[in-house]
Amino acid sequence: MVVIIKVRFIFSLIFLFMQGLMMNDSLGYVRSKGAASGVDLSWDQSVIELHVLPANTQNLNKEQVFEIIKAAADEWNTNSSLKISLITDSSSYSGSGSNLRNEIYFAGAALFSQGILGTTSLVYDEITGKLVEGDILLNDSISFVLTPSESESSGRPYLGDVITHEMGHLWGLGHSQFRDSSMLYATFRGQSSLSLDDYWGMNAIKSKSSGSNTGVIRGKVIGSKDLIAIFASQVYLISEKSGKVLFSLLTNEDGRFEVSGLPLDDTYYIYVAPPFIRASLPDFYLSGSKNFCLNGDYRGSFFTKCSADAMGMPQGIYLSDSEKVVDVGLISIKCQMDLSQSYLGSKDYSTFQSSTTYTVPLNENSSGWGNAIIGSFSTLEIRDEVADKYTIDLRSYNVSSMRSAQDELYLELKMISQDLYSPFRGVIQVIRNEQSIGIFPNATGEMEKDNDGNYLLDVLARVPLSALAEENIFEVSVTPKSSPGFLLSGSASELQTLTKIFPSYAMMMDLLSFYLFLVNVSKKNKDGSYTIIGRKDHKRYDDNHYCADASKTYPVIGISSQKKSAPAGTSSNIRYSKRDSSIVGIAGCGSIVFGPPGGGSGNGGGRAFTTIGVAALAFLLTLFVYYLLSYLRPVKNMTFLLSKRAAEKNQTPWIR
């Protein structure tokens, strides 16, 4: 006899107010998994029929509610083989029991913990991961608004943000911690529009053919000289072309990851970090750990070669028609951020008032003429707005041979930090022949905004190359701005600014103000776009087999692997557990599994949901600790410089 074990999960979207501010959280797409088996959850049909019951007690117009639900379904239906088909239904909702019918409806406050806007309940086969039912419940006690603009002015949640998020759970996605993802577990401006991360996630569930013009990057994240696999580590891929984190995912129990469908003719830089808020992830990942360093947790770091001269220079993985699949081998987690010794030598730690110029190494060959550098600022450098200064010498670059008569060539610079939660704002200035030829993002010093009103910190700068080779030497400064402050000690308006820069800044903002600085040569196309024609030639990829960090690393496996399976058909296959909140800070997230849906016993399952709480004391404690620790900025490797800095400024360096 075949026994189907069904488990019901409930995912919740949380709306958190702190001092009247709308908060949000973010990191990469995450598949929902069976709590006991660890199997990925997915539908085996191509169409999900969703019965819409728009009746509510908040006097929300039913027709408008339906149109919002339809818009959310259209977002998820785009570019996917799995479709949500809406069915209008005037009947009442089915209640807490399972009826094998997918529904979206407003439910009473008794079914929600405080602050929860909506939940998605999934019923699935524990053995196969096949989803058999999904219900979206919207909190009928919440005063939702029906337009984003009304949410902006009133501070009340926009219904479309909530529904779009919950439909991601209906698809089979768990909470993401990726900035700008609709699957963040708390609301934010623009959440009703899907990000690239959301598209990656849904295509992983119902994958469409990526075609022959895409590539694959795979590897394994490890720690310590014993090369122990790191489970539930977050892997980011940063696109050189866009200057954005294009993809992010969690490593498997064996430390491995694989990213497919990547656009070709692009270079990708790998950044590895522990997840910020594990409690918001599916239960399968909850056993993942990060306290593998002598001084505590490992930190976010870039994939670099082992040699000393490669320190602070991330190695890029270039995908092309001739090399579509790249296995980078072993990537070590790190306890500190690696910076170039030459770069550090350009900083004056005795005065913090000035710095010398660091000459950017460039590959002098036909495909080279670019580089990638990790930069960093201390708190005092940010306070005094002390710039990093670079010399970029392109006088040997043969401009005439690289362009036709109509082509315009540019020095292209990207400063990338925001997607990695690095807390600083920078301005790039480019000087040629002792004259400024550009200040970026603008000369006014104002922060730019995206279409949803969120502030943008990353900077893109392009300045034209001269036809006269001797003029193509540039002095570039990256100046950190002291405003807005990132110590969480500012006024309410300053903290409100932070919410428009970093989702859930108090829990996810890095203690180190660092940036990835990309140097390229680009060509302007007739349509106004740009193509990179000069990039660093990374040649072969060296893994971290011989320079693995984090000496305290120990083996960790997923929750499902820790559970002993009983024979199929026995009652012990059904597991119930309760996991309370384990996060201390502004927001605590917990996932709780209850008994079988609708009561009873037998082949039922568990009910899980995510909740968030607000603790004023924890918030104040977070501010105090963060304020102190912000003065302990990691830099890296030149012991005498750090000792000098510590002695003269009475600070404790955090970088080896």
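The values are calculated or read from the model by the stated rules, or taken from the named source; none is laboratory data. Remember, it's a predicted structure, so these values are computed and weren't measured experimentally. Heads up, the Cβs are rebuilt from the backbone with ideal geometry, glycines too, and the neighbour counts pull from every protein chain shown. Quick note on the areas: whole protein, heavy atoms, side chains included, nothing else; ligands and nucleic acids left out. Shrake-Rupley method; radii C 1.70, N 1.55, O 1.52, S 1.80 Å.
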Across (1) touching a helix residue (DSSP H, G or I) at 6+ places or on another chain (Cβ under 8 Å); (2) in a helix (DSSP H, G or I); (3) of a type in the set (Val, Ile, Thr), Val162 clears everything bar (1)
Could you grab me the full set of residues in the stretch 291-329 that are open to solvent by less than 30 Å² (accessible area, probe 1.4 Å), closer than 18 Å to Glu258 by Cα and either part of a strand (DSSP E or B) or of a type in the set (Lys, Arg) (or both)? Phe302, Gly316, Ile317, Leu319, Ser320, Val326, Val328, Gly329
Failed criterion for Tyr515 (all others in (1) modelled with pLDDT of 90 or more; (2) among the hydroxyl-bearing types (Ser, Thr, Tyr); (3) loosely packed, with under 15 Cβ neighbours inside 10 Å hold): (3)
If I ask for residues that are more than 19 Å from Ile416 (Cβ to Cβ) and open to solvent by less than 10 Å² (accessible area, probe 1.4 Å), which ones from the stretch 369-385 would you list? Ser378
Which residues, taken from the stretch 173-193, are outside any loop (DSSP other than H, G, I, E, B) and under 18 Å from Phe144 (Cα atoms)? Ala186
Scanning the stretch 250-270 residue by residue, the ones that are within 16 Å of Arg218 (Cβ to Cβ), assigned to a loop (DSSP other than H, G, I, E, B) and free of Cβ contacts under 8 Å to residues at least 60 places away in the same chain total 4
Considering every residue within the stretch 138-153, establish whether at least one is open to solvent by less than 10 Å² (accessible area, probe 1.4 Å) and under 21 Å from Val47 (Cα atoms). no
Qualifying positions in the stretch 529-548 - of a type in the set (Gly, Ala, Ser) and either open to solvent by less than 40 Å² (accessible area, probe 1.4 Å) or outside any loop (DSSP other than H, G, I, E, B) (or both): Gly534, Ala548
Of the residues in the stretch 100-117, those that are at pLDDT below 85 and either in contact with a Pro (Cβ under 6 Å, 6 or more places away or on another chain) or exposed (fewer than 13 other Cβ atoms within 10 Å of the Cβ) (or both) come to Leu100, Gln114
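Just wondering, is there one or more residues in the stretch 229-236 that are assigned to a loop (DSSP other than H, G, I, E, B) and open to solvent by 50 Å² or more (accessible area, probe 1.4 Å)?
Within the stretch 229-236, not a single residue is assigned to a loop (DSSP other than H, G, I, E, B) and open to solvent by 50 Å² or more (accessible area, probe 1.4 Å).
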I'd like the full set of residues that are polar (S, T, N, Q) and in contact with an Asp or Glu (Cβ under 9 Å, 6 or more places away or on another chain), limited to the stretch 368-399. Ser376, Thr391, Ser396
Could you tell me whether any residue of the stretch 271-290 is of a type in the set (Asp, Glu), closer than 25 Å to Ser195 by Cα, in a strand (DSSP E or B) and touching a residue at least 24 places away in the same chain (Cβ under 8 Å)? no
